[in-house]
1. Name the pairs: first residue in segment 53-71 and more than 26 Å from residue 33 (Cα to Cα) and without any contact (Cβ under 8 Å) to a residue 40 or more places away in the chain, second residue open to solvent by 20 Å² or more (accessible area, probe 1.4 Å) and of a type in the set (D, E, K, R), Cβ to Cβ under 7 Å, at least 6 apart or on different chains?
2. Just the residues that are under 22 Å from residue 206 (Cα atoms) and either touching a His at 6+ places or on another chain (Cβ under 7 Å) or of a type in the set (Gly, Ala, Ser) (or both), please, taken from segment 88-130.
3. I'm trying to understand the selection: among the residues of segment 17-43, which are surrounded by 14 or more Cβ atoms within 10 Å (Cβ to Cβ), without any contact (Cβ under 8 Å) to a residue 40 or more places away in the chain and not polar (S, T, N, Q)?
4. Mind checking which residues of segment 51-90 are part of a helix (DSSP H, G or I) and surrounded by fewer than 19 Cβ atoms within 10 Å (Cβ to Cβ)?
5. Taking residue 73 as the residue in question, decide whether it is among the charged types (D, E, K, R) and at pLDDT below 95.
6. Go through (1) under 25 Å from residue 42 (Cα atoms); (2) surrounded by fewer than 19 Cβ atoms within 10 Å (Cβ to Cβ); (3) touching a residue at least 40 places away in the same chain (Cβ under 8 Å) for residue 149 and report which single condition fails.
7. Spot the failing condition for residue 79; the list is (1) out of contact with any Leu (no Cβ under 7 Å at 6 or more places or on another chain); (2) modelled with pLDDT under 95; (3) more than 20 Å from residue 122 (Cα to Cα), and only one is missed.
Amino acid sequence: MPTALENKFRVLVAERNPLVIAALGDMIRNDSRFDLVGSIQTGETFLRAAAASEPGFDLAVLGWRLSDMDSGEVLAEMQRRGLHARIVIFSNDHDIGILKRCVRLGVQGYCYQFDDPSILFDTLVAVAHGRICIPYIDVSKINDTPLSRLTTRERELLSVLADGWTNLQIAARTGISENTVKYHLKNLYDKLDVRNRAMAVALYAREKNRGPHASS
């Protein structure tokens, strides 16, 4: 929290794009409610700052893509290490999946780089005061992912695909014909909106890495 003397919230910016850093820095320095304490470009540097015995910031603005990882990976690593910080994601990507991922990982604030600057500062103020401020999202669907739409049998099929099973192996071990396997795979690809086995396995790996609730 800000000191009584300065009555300002100390803000740390983490972003890989120097132009975004410069623009954010100018806006923050020109707002009497905030004090810009520094800017960094990597997630690992941010994690070290958050882990300090006395963090030098009250809240942080994180761009979605940092030089070494994305902010989802930063948030997941913070959970793994038991670190806590008030964070606002400042995303240049309108992918609703990114927003859902960040909310699942406990982010307190989220806004877009193409929003009016006032939205960013309203979000910063809300998060600085301990509130959550994110764009509208149907929270009942927060854990919806492509995998969540699959049946148990389809998830099992996707799992063995990820393990490298061939169509012939799947047919032999499940007692169905290879043509039936192909039929099930086509339905699986349609549900996942992918074109082939490699894309399905890549999607499976990405979703599994997003946390324990990704496919619930």
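The values are calculated or read from the model by the stated rules, or taken from the named source; none is laboratory data. None of these values were measured; they are calculated from a predicted model. Don't worry about glycine lacking a Cβ; one is built from the backbone with ideal geometry, like all the others, and counts go over all protein chains shown. Calculation scope for accessible area: heavy atoms of the full protein, side chains included, ligands and nucleic acids excluded. Shrake-Rupley method; radii C 1.70, N 1.55, O 1.52, S 1.80 Å.
1. 68/44
2. 91, 97, 104, 106 - these are the residues of segment 88-130 that are under 22 Å from residue 206 (Cα atoms) and either touching a His at 6+ places or on another chain (Cβ under 7 Å) or of a type in the set (Gly, Ala, Ser) (or both).
3. Listed by number, the residues that qualify are 21, 23, 25, 28, 35, 36, 37, 38, 40, 43.
4. 51, 73, 77, 79, 80, 81
5. It is true that residue 73 is among the charged types (D, E, K, R) and at pLDDT below 95.
6. Failed condition: (1).
7. Answer for residue 79: the failing condition is (1).
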